[in-house]
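Trainee: Sharing a structure here in structure tokens format.
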Amino acid sequence: MSEQDPIDPNTGDDDDDSASTPSMAPIRLITSDQSWIEGAAVSQLETGAKLPGMELAVGFPDLHPGKGFPIGAAFVSRNLIYPLLAGNDIGCAMSFWRTDLPARKLKLDRWAKNIEGLDRLYDGDTDYLAERYDFTPSIYDKGLGTIGGGNHFAELQTVEEVRDEAAFSALDLDKSQAALLIHSGSRGLGQAIFADLLERRGANPIATDSEDAVHYMA
């Protein structure tokens, strides 16, 4: 993959329409010659780059159209938070973990038969978790420790080829050990936070020094 030069927002017609056209922050696409990105996704990336306070918009290799703004993008803004860009799946993310499991001892077929329910709610008692980790119990507690449904997964991985020894070492990875990649969602909590915010503020951005911003980030 390679990072292309920023797209110049000032290219285009020579007509002086700056009074009616909002300024656009620089746009970068991280892609390769083999990548196929829909034009609609790039258009949505440009739309996000025109929002007030925006300083940079980045499209990643999985860039694709969303509801008004693209999925697979990152936006950098100053003094403003845009919950609309984050959407309702606030907790949706991928985490990569180094483990101490020897890669040569992985028995995936056997383990897979004993692992089930990672995408389902926990049916046990969660009160002790609230007490141990000092948080207020809620209806979402039974989703703790699960990955959520849909396209979420937990996957043990091994390294087959190291293409950059220096970068590999800098990440403190070891080819002889397995790694764990997890893609999880917010399991309803993100939707509840987003819905509450939309009801109170609509699609408006939040000033970073406001009480709403502190609450949202927490």
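Trainee: Please work out which residue is nearest to N204 (Cα to Cα), limiting yourself to the stretch 24-39 and to residues that are assigned to a strand (DSSP E or B) and of a type in the set (A, V, I, L, M).
Mentor: I27
Trainee: Taking the stretch 94-125 on its own, how many of its residues are surrounded by fewer than 13 Cβ atoms within 10 Å (Cβ to Cβ) and within 19 Å of E160 (Cβ to Cβ)?
Mentor: 8
Trainee: Just to be sure, is G124 without any contact (Cβ under 8 Å) to a residue 24 or more places away in the chain and out of contact with any Ser or Thr (no Cβ under 9 Å at 6 or more places or on another chain)?
Mentor: When the stated conditions are applied, G124 passes them.
Trainee: May I ask you to list the residues in the stretch 126-156 that are among the β-branched types (V, I, T) and open to solvent by less than 100 Å² (accessible area, probe 1.4 Å)?
Mentor: Within the stretch 126-156, T126, T146, I147 meet the criteria.
Trainee: Consider the stretch 40-68. How many of its residues are in a loop (DSSP other than H, G, I, E, B) and either small (G, A, S) or buried (at least 19 other Cβ atoms within 10 Å of the Cβ) (or both)?
Mentor: Here the count works out to 4.
Trainee: For the stretch 94-122, what are the residues that are under 16 Å from D172 (Cβ atoms) and not hydrophobic (A, V, I, L, M, F, W, C)?
Mentor: Of everything in the stretch 94-122, those that are under 16 Å from D172 (Cβ atoms) and not hydrophobic (A, V, I, L, M, F, W, C) turn out to be S95, R98, T99, D100.
Trainee: Would you mind stating whether Y140 is at pLDDT below 90 and either small (G, A, S) or in contact with a Leu (Cβ under 6 Å, 6 or more places away or on another chain) (or both)?
Mentor: So Y140 fits the description; yes.
The values are calculated or read from the model by the stated rules, or taken from the named source; none is laboratory data. Small disclaimer: the values here were computed from a predicted structure and weren't measured. Note that each Cβ is placed from the backbone with ideal geometry, even for glycine, and that neighbours are counted across all protein chains shown. Note: areas computed on protein heavy atoms with side chains; ligands, DNA, RNA excluded. Shrake-Rupley method; radii C 1.70, N 1.55, O 1.52, S 1.80 Å.
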